[in-house]
Amino acid sequence: MERLPQIKEDQLLAKIGQGKVVLFFTADWCPDCQFIKPAMPEIEQDFSDYQFYLVDRDENIDLAAELNIFGIPSFVVYNKGQEIGRLVNKDRKTKEQVEDFLTGLK
């Protein structure tokens with residue numbers, strides 16, 4: 001999973017304009033983020049048609065605000081630069097919940 005550098009929304013949209021993309025908003029200090037992180041490689045493998053990006057919420061606080069990300073861990077999904085779904089809240093997420101969310105977008 002590629003870690004995005006500090007980035008603004010317009011730069012992000014230019015970067016992800018092609019294909020299917022999952023943004024994984026997280027932070028090192030977040031225990032619920034640490035809970036889902038070990039499952040992420042398997043989720044990426046199960047959804048190999050998506051490009052996954054890790055977005056450190058603290059490094060990208062402006063982007064998080066622009067995208068209305070107020071709880072982490074959160075997932076925002078794009079297809080060809082258009083948002084097609086989001087799993088955004090402050091609740092702990094299981095591998096099954098994330099996969100069910102992604103399956104529902106197909």
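The values are calculated or read from the model by the stated rules, or taken from the named source; none is laboratory data. Remember, it's a predicted structure, so these values are computed and weren't measured experimentally. Here Cβ is always computed from backbone atoms with ideal geometry, including for glycine, and neighbour counts include all displayed protein chains.
Annotations
- Given (1) modelled with pLDDT of 95 or more; (2) surrounded by 19 or more Cβ atoms within 10 Å (Cβ to Cβ), number of the condition Ala64 does not satisfy: (1)
- Every residue from the stretch 76-106 that is touching a Phe, Trp or Tyr at 6+ places or on another chain (Cβ under 6 Å) and surrounded by 18 or more Cβ atoms within 10 Å (Cβ to Cβ): Leu87, Leu102
- Of the criteria (1) more than 22 Å from Lys8 (Cα to Cα); (2) in a strand (DSSP E or B), which one Ile84 fails: (1)
- Where a residue in the stretch 81-106 is among the aliphatic types (A, V, I, L, M) and its partner, wherever it lies, is modelled with pLDDT of 95 or more and part of a helix (DSSP H, G or I), with Cβ under 6 Å and at least six apart: Leu87/Phe101; Val98/Ile43
- The set of residues in the stretch 42-61 that are of a type in the set (A, V, I, L, M, F, W, C), touching a Ser or Thr at 6+ places or on another chain (Cβ under 9 Å) and either without any contact (Cβ under 8 Å) to a residue 40 or more places away in the chain or buried (at least 18 other Cβ atoms within 10 Å of the Cβ) (or both) comprises Phe47, Val55.
- Scanning the stretch 56-72 for residues that are β-branched (Val, Ile, Thr) and assigned to a loop (DSSP other than H, G, I, E, B) yields Ile69, Ile72.
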